[in-house]
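J.: Pasting in a structure now, in structure tokens, and then I'll have a few things to ask.
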Amino acid sequence: MPLSMDDERRTIKQRALDRRKRLAQGPVQRTDSAYQARQREREQRGEHTDSAVPWALRTAASWSWRILLIGIAAFFIMRFMTFFSTILLAILIAMLLTVLTEPILRFFRSKVRMPRTLAAAVTLVSFLLLVGGLVGGAGASIFSGFSDLSVKAADGFDQLLEWLSDSPLGIGTDQLEVYLNELQGQLSSNAGSIAGGVLSATGSLVSFFTGLILALFTMFFFLKDGRKMWFFIVRMFPAAARDDVNEAGIRAWYTLGAYTRTQIQVAAIDAVGIAGVAAVLGVSLWFPIGVLVFVGSFVPIVGAFVTGAIATLVALVDQGVADAIFMLIGVLAVQQIEGNVLQPYLQGNKLSLHPVVVVVAVAAGSIVAGIFGALFAVPLVAAVNVVVNYLVGRDMYPELNFDPNRPGGPPEALDEYVRSSDEKFAIRAERAQANSRSKDPGIDESENDAQDHA
């Protein structure tokens, strides 16, 4: 029977009074099943529930010193990685390029039936030709339209001078010459600093090409002997942990491939969008702009800013102020959609990461290690997520357990490698023993005497 309005009010008031009485009496002992089970476990482990140090404080202290040790270890690891940053970045870039070109290697191996060394070399050359073709096509387009752009740039500069002289600012030609003379004087007085900056830039350029050559060299051997390298690393672990390490590493590599393919999709969408805006506005260099945006999309934050600025400046020189404004609006719209919607969504789905995690990882990586930190933050977080989940018993890619064409070979590939390696070591040991016996016949006689004595 439903309560009347007065009865319901009295019931609410009575509950409030009861609650007030309980609060006046102070907190009571917890009686829920989870707390009771935890108390029983602590008693079984011999922990005293009436200890002078509360359980929560002891737990916090245990976590604190562990987190402190992890932080110290991470600090020294980061210092070590910073010292060898050129080598480390070359290896990481080689890993990304290897994942990117693995389908080409697989095609040459399975369809064309090439040996692995030849397939790796052809894959590397094909990749370089593809990149060179894109850069060469963009360069040819820029070269063909450079004369028209230079004429338009000169006309635009003359129009700018006329506008400055006719504007309320009243900056005439004589005043501009004064400014140019002052600028020339500043350049002459700071020639030493400028020369130092040029030398620093030259050193950075040499370091860049050194890292590039090392990355391509490492990429070739990753394509050729990547599986053997990985099995060699796995074999250093205890036999009981090898399967877990191998399977976790394969899933991390699979995740890296998913990240690379997603990044290519995002870069292609970004390039097509901005190049399409330039083509609609009639910008003559829309194809080089698209190629530049595609390459720049792989460099987070700075790549988008630089390529967008170049696209806007080209539109300004080629078409004028109005089209440059429309170009800037189009660039900002495409980049905002790509950076805040498409990239977090696609990477979140392919990498099993929430879009918020992707955005936070890029921000944290850029703070810690700049551009390269932003570039490698998302694949690193995704790989760690997959590895930790697998090691604690949650497999995010269970289909890899039955895929013979997965990265790292079929599931039984590691056992075959270990078995063949053991056989090679055994044969090598027998040969060494046979050679030692042939060089020193007294060894056989001493062994025979020992057997007769036994």
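Values in this text are rule-based calculations from the coordinates and carry no lab data. Model, not experiment: these values are computed from the prediction. Heads up, the Cβs are rebuilt from the backbone with ideal geometry, glycines too, and the neighbour counts pull from every protein chain shown.
J.: Listing 297, 207 from the residue with the fewest other Cβ atoms within 10 Å to the one with the most, what is the order? Please report the intermediate quantities before stating the final value.
T.: Working: 297 24, 207 13.
Least to most surrounded, the residues fall as 207, 297.
J.: Now for a different question. Relative contact order, percent, of segment 242-410 when contacts are C-alpha pairs under 8 Å separated by at least 6 residues?
T.: Working: 184 pairs, mean separation 45.9, N = 169.
That works out to 27 percent.
J.: Here's another thing I want to ask about it. Just to check I understand the Karplus step: with θ = phi - 60° and J = 6.51 cos²θ - 1.76 cosθ + 1.60, what whole-Hz values come out for segment 93-98, glycine and proline as x?
T.: Working through the residues one at a time gives 5, 4, 5, 4, 5, 5 Hz.
J.: Show me the ranking of peptides 269-278, 404-413, 59-68, 217-226 by mean Cβ neighbours inside 10 Å, starting with the highest. The partial results should precede the final answer.
T.: On the way: 269-278: 21.7, 404-413: 14.7, 59-68: 10.0, 217-226: 19.1.
Packing proxy ranking, top to bottom: 269-278, 217-226, 404-413, 59-68.
J.: If we count other beta carbons within 10 Å of each Cβ, what is the order of 285, 17, fewest first? Present the calculation step by step, with values, prior to reporting the outcome.
T.: On the way: 285 24, 17 10.
Listed from fewest to most nearby Cβ atoms, that is 17, 285.
J.: Tell me the net charge near residue 430. Cut-off is 14 Å between Cβ atoms, residue 430 excluded, with +1 for each Lys or Arg and -1 for each Asp or Glu. Present the calculation step by step, with values, prior to reporting the outcome.
T.: Values: positive: 424, 428, 431, 437; negative: 422, 423.
Result for the local shell: +2.
J.: Which value results when the Cα radius of gyration for segment 242-410 is divided by 2.2 N^0.38 Å?
T.: In units of the 2.2 N^0.38 Å rule of thumb, it is 1.23.
J.: When the Cα centres of segment 232-252 and segment 380-396 are compared, how far apart do they sit, in Å?
T.: Value for the Cα centre distance between the two parts: 14 Å.
J.: Whole-Hz Karplus ³J(HN,Hα) for segment 380-385, in order, using 6.51 cos²θ - 1.76 cosθ + 1.60 and θ = phi - 60°, x for Gly and Pro?
T.: Along segment 380-385, the couplings run 5, 5, 5, 5, 4, 4 Hz.
J.: Taking the Cα atoms of segment 382-431, report the difference between the largest and smallest coordinate on each principal axis, in whole Å and largest first.
T.: Its Cα atoms span 47, 21, 16 Å along the three principal axes.
J.: Another question about this same structure. For the peptides 383-396, 364-377, what is the packing order when you average, over each peptide's residues, the other Cβ atoms within 10 Å and list the highest mean first?
T.: On the way: 383-396: 14.9, 364-377: 17.7.
Most protected by this proxy first, the peptides run 364-377, 383-396.
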